[in-house]
Amino acid sequence: LPFDKVIRQMVHARQFAFAGLGASGHVASDASHKFFRLGIPCTSLRDTTMILQFAAIVEPDDVLVLLSHTGRWPQLATAAKLARGRGATVIAVTNPQSKIAEEAGLLFPCKVIEDTSVFTPMSSRLAQLALLLG
């Protein structure tokens, strides 16, 4: 994993946007709150409309971080493709076999066994946060 490349892109970023749906949306909000302390503008995007709109207007010095436990959200894969097409850095924290992982420029593989019958999944949320903030 090219951590040095990720760090270079993040140090020189104009802004970070953390995007996730469902439980991953909560991780996006938390990550935005934590990374804001670095002095770079941050936002969290938690619905498909905002994620796709943001991806359509990103600039080359923006960083879009897509969070998805399963990687099955087609809208997140579309957002990754749109943002990369505009030259932005796209980082995915997701299942490495997913379409989102394919479309992202950089991948933090995150494959966690989660009991989907639980209303609020915790294992995947904690794993995503550990990768982002660790």
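Full-extension gain between R86 and R37, please, as 0.36 nm times their residue separation minus the C-alpha to C-alpha distance. If you can, show how the numbers build up before the last one.
Values: separation 49, 0.36 × 49 = 17.64 nm, distance 2.66 nm.
Separation in residues times 0.36 nm, less the Cα-Cα distance, equals 15.0 nm.
What does the accessible area per residue of region 1-76 come to in Å², with a 1.4 Å probe and no ligands, DNA or RNA counted? Display every interim value, and only then the final one.
On the way: 3920 Å² over 76 residues.
With all protein chains present, region 1-76 gives 52 Å² per residue.
Just order 62-68, 95-101 by mean Cβ neighbour count inside 10 Å, highest at the front, would you?
So the peptides 62-68, 95-101, ranked by packing, come out 62-68, 95-101.
The values are calculated or read from the model by the stated rules, or taken from the named source; none is laboratory data. All figures in this text were calculated on a predicted structure; none of them were measured in a lab. Cβ: placed from backbone, ideal geometry, glycine included. Neighbour counts: every protein chain shown. Surface areas here come from the heavy atoms of the whole protein model, side chains and all, with no ligands, DNA or RNA. Shrake-Rupley method; radii C 1.70, N 1.55, O 1.52, S 1.80 Å.
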